[in-house]
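Scroll down for the structure; my scribbles are underneath it.
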Amino acid sequence: MIQRQWALLQRELWEHRAIYVAPLALGLVSVLLALTGQVAVSAFDQAVDIAILGASNVGERERAAAISILTMAIATLFAFAMAILATFYLLDALYTERRDKSILFWRSLPVSDAETVVSKLLTAILTIPLFSLATAIVTVLLVLGISSLWVDGRGGDALSLIWGAAPLMKNGFALLILFLALPLWFMPLVGWFMFVSAWTRRSPFLVALLPLAVVPMLERILVGSTLFRDAIFVRSAQIPLFDRPDAAGMVFEDSSDMRLAADAKTSLLGYLDVAGFVTNPGLWMGLIVGGLFIAGAVYVRRYRDDS
């Protein structure tokens with residue numbers, strides 16, 4: 001079973017190269033932008049020297065918080081890209097194999113429909129997030145490395161100003177939790193996209209997204225409620241993984257002198273509430289709804305007439 005799943009996961013990587021090409025491309029662009037930005041900023045000699053002097057005069061907590069903000073900004077960019085990549089992958093995963101009739105070949109192998117669907121699910125909620133996470137972490141390290149060269153070139157002590165203050169391990173662990181928690185929280189959409197991919201005969205993107213746009217409007221007009229809208233859009237904006245709503249805003253009371261708030265934390269890990277996330281009823285309800293859609297995808301794939 002495990003060996004078959006591993007082989008199926010390798011098949012997904014072979015057939016969908018965007019799983020690793022897209023994060024790598026985004027990382028390369030981010031590094032090039034960071035490099036270009038450092039070169040451009042270096043033209044302002046006096047301002048650069050004042051900035052390095054100011055960074056030398058603030059405490060280690062403030063520098064750690066600034067690096068955590070940079071880490072979160074880069075991670076947010078990769079998280080959005082991961083969501084887009086996973087959406088297109090899920091809508092394509094079961095639809096394309098029926099369209100090009102490759103499902104007939106895969107069905108000739110000793111692999112069940114459930115195993116195939118599970119492999120595609122694991123690709124979406126595990127493989128894509130892990131590739132995105134690894135690329136995000138490498139990008140952060142490269143950006144910090146470029147910044148270090150820039151600071152050293154201006155006479156600053158990058159080892160102390162940057163690497164001595166950076167909470168790398170804590171931030172990396174926080175990003176691991178974040179990138180694995182997001183697909184679980186959005187499991188209803190994951191399951192819905194997989195079901196549409198297995199069921200629709202054409203245009204899976206439109207078939208999947210139109211109900212998400214039209215049903216809330218009809219519900220508001222005909223019934224006067226917002227239950228479906230809240231289940232989709234409010235849920236998307238309120239992920240119970242952070243210990244306070246303004247955690248993304250995060251740290252500084254006064255950005256002009258880099259003064260930290262009294263209750264500010266210097267690493268991303270300090271803002272995560274893993275226990276609250278795991279015990280949130282919305283997580284488990286979403287897993288149930290997503291599981292039902294995935295079971296529907298297995299059923300449709302098994303008994304689909306045109307495949």
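Given the residues Val111, Val118, which is the only one that is in a helix (DSSP H, G or I) and either basic (Lys, Arg) or surrounded by fewer than 19 Cβ atoms within 10 Å (Cβ to Cβ) (or both)?
Matching residue, one of Val111, Val118: Val118.
Per-residue answers, yes or no, for (1) part of a helix (DSSP H, G or I); (2) at pLDDT below 85; (3) in contact with a helix residue (DSSP H, G or I) (Cβ under 9 Å, 6 or more places away or on another chain); (4) buried (at least 18 other Cβ atoms within 10 Å of the Cβ):
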| position | (1), (2), (3), (4) |
| --- | --- |
| Asp49 | yes, yes, no, no |
| Ser56 | yes, yes, yes, no |
| Glu62 | yes, yes, yes, yes |
| Met82 | yes, no, yes, yes |
| Ala86 | yes, no, yes, yes |
| Glu97 | yes, yes, yes, yes |
| Trp106 | yes, yes, yes, no |
| Leu130 | yes, no, yes, no |
| Ile137 | yes, no, yes, yes |
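Just the residues that are more than 19 Å from Ala295 (Cβ to Cβ) and either over 27 Å from the mean Cα position of the chain (by Cα) or of a type in the set (Ser, Thr, Tyr) (or both), please, taken from segment 190-215.
Arg201, Arg202, Ser203
Test Leu218 against the stated conditions and say whether it is aliphatic (A, V, I, L, M), at pLDDT 80 or above, more than 16 Å from the chain's Cα centre (by Cα) and within 25 Å of Phe88 (Cβ to Cβ).
On the way: aliphatic (A, V, I, L, M): yes; at pLDDT 80 or above: yes; more than 16 Å from the chain's Cα centre (by Cα): yes; within 25 Å of Phe88 (Cβ to Cβ): no.
Answer is no for this residue.
Is it the case that Ala165 is outside any helix (DSSP H, G or I) and within 27 Å of Leu26 (Cα to Cα)?
Spelling it out, Ala165 is indeed outside any helix (DSSP H, G or I) and within 27 Å of Leu26 (Cα to Cα).
Considering only segment 238-248, I want to know if a residue exists there that is among the basic types (Lys, Arg), touching an Asp or Glu at 6+ places or on another chain (Cβ under 6 Å), modelled with pLDDT under 90 and within 30 Å of Trp163 (Cβ to Cβ). Walk me through it before giving the result.
At the first step, the residues of segment 238-248 found to be among the basic types (Lys, Arg) are 244.
Within this subset, residues satisfying the condition of being touching an Asp or Glu at 6+ places or on another chain (Cβ under 6 Å) are none.
No, every residue in segment 238-248 fails to be among the basic types (Lys, Arg), touching an Asp or Glu at 6+ places or on another chain (Cβ under 6 Å), modelled with pLDDT under 90 and within 30 Å of Trp163 (Cβ to Cβ).
Give me the pairs: first residue in segment 219-244 and assigned to a loop (DSSP other than H, G, I, E, B), second residue of a type in the set (Phe, Trp, Tyr), beta-carbon distance under 8 Å, and six or more apart or on different chains, which are they?
Matching pairs, first to second residue: Ile239/Trp185; Ile239/Phe277; Pro240/Phe277; Leu241/Trp185; Leu241/Phe277; Asp243/Tyr271; Arg244/Tyr271.
Name the residues in segment 154-188 that are at pLDDT 80 or above and aliphatic (A, V, I, L, M), would you?
Leu168, Met169, Ala174, Leu175, Leu176, Ile177, Leu178, Leu180, Ala181, Leu182, Leu184, Met187
The values are calculated or read from the model by the stated rules, or taken from the named source; none is laboratory data. Because the structure is predicted, anything quoted here is derived from the model rather than measured. Reconstructed Cβ throughout: ideal geometry from the backbone, glycine too, with neighbour counts over all protein chains shown.
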